[in-house]
Amino acid sequence: MYNQHPCFDTPPTGHVLWRYMPFANFIKIIETSSLWFAIPAQFEDQWEGRYPLSHHDEEVMKDLYVSDPPLSHEDRRDFARGSIEMLEQVYTYTRRRVGICCWTAKENESISFWQRYCGQDKKMGVAIRTRLGRLIESLRETTFPVYIGRIAYLDRDNDIIPSNNLFWSVLWKDNRHVDDEEVRAVIPRQVVSIDERTYALPKTDGDKVRVILPDLIEEVVLSPYSESSLLDEVKKRLSLADIALKCTRSTLNDPPPIGSIRR
């Protein structure tokens, strides 16, 4: 179920969220009543799970260290070197240690998102529209914690983020992605016991997290490039799954009504 966490800046429950996907991915959600939480290692962005470059700067890191009594210059430099080495271990670990389900918090649908996230065939794109409160409610039967928060958009060369929790490394992006307005649902992945002394992370690329679909989905919206046959197919699949949901085709790309007069 949803849990609060100090690392996560959770939006208000009325916040609108969208998730865009190819038709095949939508069908998987309907058939399994679950959302896919991918590991950061599967994302295209090579900065996923990393810290900004400032954290790899020896001079910056040694100046961040404060102690009482103060350490010598050399001791602070040793601390900085140790911190930088540890970051690589954290990066390797985090990229398989958490699962992430990404949403955009835009109030309205976005033509650029239809083009970016619906696969090679834009005609087969589907989007789920919901609200933060509905997402939280849909997760109420999960037996493990799910955390939800906004992404912070930072200067990846110069900004500093906290380093006291591995979640911080997956809750920021370079500020060139600010138009994404991303909100993430994040789960800590279960560590698997190999024997009494050795543990490992699952080898899968993510985890299915069960959700209550009627609680989650406020509306299913089809690509503005789609044809009427897709709407018919989605309605048929929803009926077979015995799920009653509002389903419409986007009019975002429709031509203007030339010659008509608004009264």
Computed from the beta carbon distance with a Förster radius of 22 Å, FRET efficiency for Asn165 and Asp45 to the nearest 0.05 stands at 0.60
Would you tell me the accessible area of Val98, worked out with a 1.4 angstrom probe on the heavy atoms of the protein chains, in Å² to the nearest 10?
0
Compute the distance in nm between two label points, each set 7 Å from the Cα along the Cα-to-Cβ direction, one at Ser33 and one at Met1.
1.8
Write down the accessible area per residue of the stretch 72-186 in Å², having rolled a 1.4 Å probe over the full set of protein chains.
49
Taking the Cα-to-Cβ direction at Arg150 and at Arg237 and moving 7 Å from each Cα, how far apart do the two end points lie in nm?
3.3
Per residue, in Å², the accessible surface of the stretch 1-48 once ligands and nucleic acids are set aside, probe 1.4 Å
49
Lysines with Cα under 26 Å of Lys236, excluding same-chain neighbours fewer than 8 positions away
Lys28, Lys122, Lys123, Lys208, Lys246
At R0 = 45 Å, FRET efficiency that the Cβ-Cβ distance of Asp157 and Ser228 yields, to 0.05
0.40
Could you tell me the calculated FRET efficiency between Ala24 and Glu74, based on Cβ-Cβ distance and R0 = 35 angstrom, to the nearest 0.05?
0.05
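The values are calculated or read from the model by the stated rules, or taken from the named source; none is laboratory data. Keep in mind it's a predicted model, so treat the numbers as computed, not measured. Here the Cβ is made from the backbone with ideal geometry for all residues, glycine too, and neighbour counts use every protein chain on show. In case anyone asks, the SASA skips ligands and DNA or RNA and just uses the protein heavy atoms, side chains included. Shrake-Rupley method; radii C 1.70, N 1.55, O 1.52, S 1.80 Å.
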